[in-house]
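**Q** If you scroll down you'll find the structure; I have some questions about it.
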């Protein structure tokens, strides 16, 4: 009996322990389930929040950035370019031969060297030996008086400068005044003639004393039979009004203007040497990447292209270079 009592007591003790252990395991299991459920709920809430946030975020992709670059490049080209000549962008074809007057020999050499450097970088031909000047740069203390003297000597303007353009040059009070001679020649550089090719027979074509004819034959719808050229240019630098600008900056400025047949601009978003005298762009003191790309694009492609084709190529070149 004593042994039976002990056995029953031990059995009850074991049972109590097992029940306690079971309750403890159930409590742990319930805690784990609760934690997992809470984590799952939190994850679901996080996913919903991420989805809502994703709906509000707009990612600016490369396509939109490229469109912005293209828009700014188009604004730049449109702003700095002068009106086309006979539907084309005019450019130089003869080797550049600059002659600088009004400065001492050292300063004049510096300007001439810088002009040749800009031309070479753009892919233009240059002439460093003795040559006949086709780009005359005059530094003077009085731009108006110098211009009047040139006009009196009938040296100032070539025939291609219209009376309206001459008046604009006279009244301009710019620190740097320039003008380029322009002409039209055959696509391969041959001069135009005053009469049609005799091989074409008798033609009753509308003409006047300024009418010229080309003997170039082509069936292309992309190229033209002629090209617009710049044979010469004159620049007057008024030292008094250009005071405060470095000689290298003025050299870059005048080189860009006459090589690109460009014009001074203000207020556009793209930095350019064409804004050298624009007070809103104090950092525009040297050729920019856009300026270099513009000149390189102008002189890289074939010359006998319509203006819209050349313009598109210039814009594309500037976008690719930036």
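**Q** Tell me, yes or no, whether the stretch 231-254 has at least one residue that is part of a loop (DSSP other than H, G, I, E, B) and under 14 Å from the mean Cα position of the chain (by Cα).
**A** no
**Q** In addition: Can you tell me which residue is surrounded by the most Cβ atoms within 10 Å (Cβ to Cβ) among those in the stretch 86-99 that are under 13 Å from residue 260 (Cα atoms) and out of contact with any helix residue (DSSP H, G or I) (no Cβ under 8 Å at 6 or more places or on another chain)?
**A** 90
**Q** For the stretch 80-111, give me each residue that is under 18 Å from residue 314 (Cα atoms) and out of contact with any strand residue (DSSP E or B) (no Cβ under 9 Å at 6 or more places or on another chain).
**A** Passing the criteria: only 83.
**Q** Whether any residue in the stretch 178-186 is out of contact with any strand residue (DSSP E or B) (no Cβ under 9 Å at 6 or more places or on another chain) and at pLDDT 90 or above is what I want to check.
**A** No - not one qualifying residue is present in the stretch 178-186.
**Q** Among the residues of the stretch 255-289, write down those that are in contact with a strand residue (DSSP E or B) (Cβ under 6 Å, 6 or more places away or on another chain) and either at pLDDT below 95 or in a loop (DSSP other than H, G, I, E, B) (or both).
**A** 261, the sole residue that qualifies.
**Q** Separate question: Restricting attention to the stretch 117-155, and to residues there that are in contact (Cβ under 8 Å) with a residue 40 or more places away in the chain and out of contact with any helix residue (DSSP H, G or I) (no Cβ under 9 Å at 6 or more places or on another chain), which single residue is surrounded by the fewest Cβ atoms within 10 Å (Cβ to Cβ)?
**A** 141
**Q** Moving to a separate point now. Hey, any hits in the stretch 81-94 for a residue that's touching a residue at least 12 places away in the same chain (Cβ under 8 Å) and more than 30 Å from residue 267 (Cα to Cα)?
**A** yes
**Q** OK, next. Identify all residues within the stretch 242-252 that are in contact (Cβ under 8 Å) with a residue 12 or more places away in the chain and under 15 Å from residue 279 (Cβ atoms); write none if there are none.
**A** Answer for the stretch 242-252, where residues must be in contact (Cβ under 8 Å) with a residue 12 or more places away in the chain and under 15 Å from residue 279 (Cβ atoms): 242, 245, 249.
The values are calculated or read from the model by the stated rules, or taken from the named source; none is laboratory data. Note that the structure is predicted; figures quoted are calculated from it, not measured. Glycine also receives a Cβ, built like all others from the backbone with ideal geometry; neighbour counts cover every protein chain displayed.
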